Amino acid sequence: MARRAPTTTAATLTATVALLLTACGGGDDKSPEDTKGAGSGSSPSTSASASTPSGPERPDITIPSSFQLTFENWTSSDPVEQAVLNDGKEEVRAGYAAIIENDPDSEAVAFYDTEGVRGLTKEWIKSYTDKNVTVIGKLPAFNPKVNLAENGKGASLSYCTDESAAKTRNRKTGKVEGNPAGTDPYVLYSVSLAKNEQGVWQNASVHSERGGCSR
């Protein structure tokens, strides 16, 4: 998932869907091996996001317990950094929820993506839905780091994911697949965000690097 990096068949995306597990966003560097990321902060379950930032009403995003998308230590004592972490997390959750709901035109994804990135995120979602697969298993997102632009309208967010226990499941046959043997399960995501007029930090670009981090 480098703009969603694949996690179920990273190198064999042509044969089956790569479990591109990344933080939704669209990227300057989007390749099949570079594509998407994770969900709610604390525990992954059927509940929507716990803490809702101030400003416009955020979409209600639900992730089922079959896909445990967790965010470790996504907190900051700086309120602006926390706002970036909150919206960055929800963008990731929106993307995976869209895959699970088989909805490439997700309104929640559109809410958290800038206009220029929505098409790329839709392509990433369709790389699953077109093959009739969903995501299951566990995907922890950890080690988040935020850098704020001096003008207060831009920010960068980097974080890591561990795809060791992330898998895809065919909706029709029930076949489950994980990363092929030898695939590095750790993916580094670098995200650029822009603050819109409503105060929402939207994904402006996403780049992923498999093997870019470790536990």
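The values are calculated or read from the model by the stated rules, or taken from the named source; none is laboratory data. Bear in mind that the values here come from a model prediction, so they are computed numbers and not experimental data. All Cβ positions, glycine included, derive from the backbone under ideal geometry; neighbour counts span all protein chains shown. Keep in mind that these areas ignore ligands, DNA and RNA; they rest on the heavy atoms of the full protein, side chains included. Shrake-Rupley method; radii C 1.70, N 1.55, O 1.52, S 1.80 Å.
Exactly one residue out of 156, 190 is more than 27 Å from residue 65 (Cα to Cα), touching a Ser or Thr at 6+ places or on another chain (Cβ under 8 Å), open to solvent by 40 Å² or more (accessible area, probe 1.4 Å) and hydroxyl-bearing (Ser, Thr, Tyr): that is 156. If the condition is being hydrophobic (A, V, I, L, M, F, W, C), within 15 Å of the chain's Cα centre (by Cα) and either outside any strand (DSSP E or B) or closer than 14 Å to residue 118 by Cβ (or both), then the stretch 194-215 contributes 204, 206. Pairing residues of the stretch 114-126 that are touching a residue at least 40 places away in the same chain (Cβ under 8 Å) and farther than 14 Å from residue 208 by Cβ with residues that are in a helix (DSSP H, G or I) and of a type outside the set (Ser, Thr, Tyr), at Cβ distances under 9 Å and at least 6 apart in sequence or on separate chains, gives 118/109; 118/110.
Counting the residues of the stretch 52-101 that are open to solvent by less than 30 Å² (accessible area, probe 1.4 Å), under 21 Å from residue 154 (Cβ atoms) and not in a helix (DSSP H, G or I) gives 3. On inspection, residue 173 qualifies as without any contact (Cβ under 8 Å) to a residue 60 or more places away in the chain and over 27 Å from residue 201 (Cα atoms). Against the definition (outside any strand (DSSP E or B) and open to solvent by 60 Å² or more (accessible area, probe 1.4 Å)), how does residue 110 come out, yes or no? So residue 110 fails the test.
Within the set 165, 181, the sole residue that is farther than 27 Å from residue 119 by Cβ and surrounded by 14 or more Cβ atoms within 10 Å (Cβ to Cβ) turns out to be 165.
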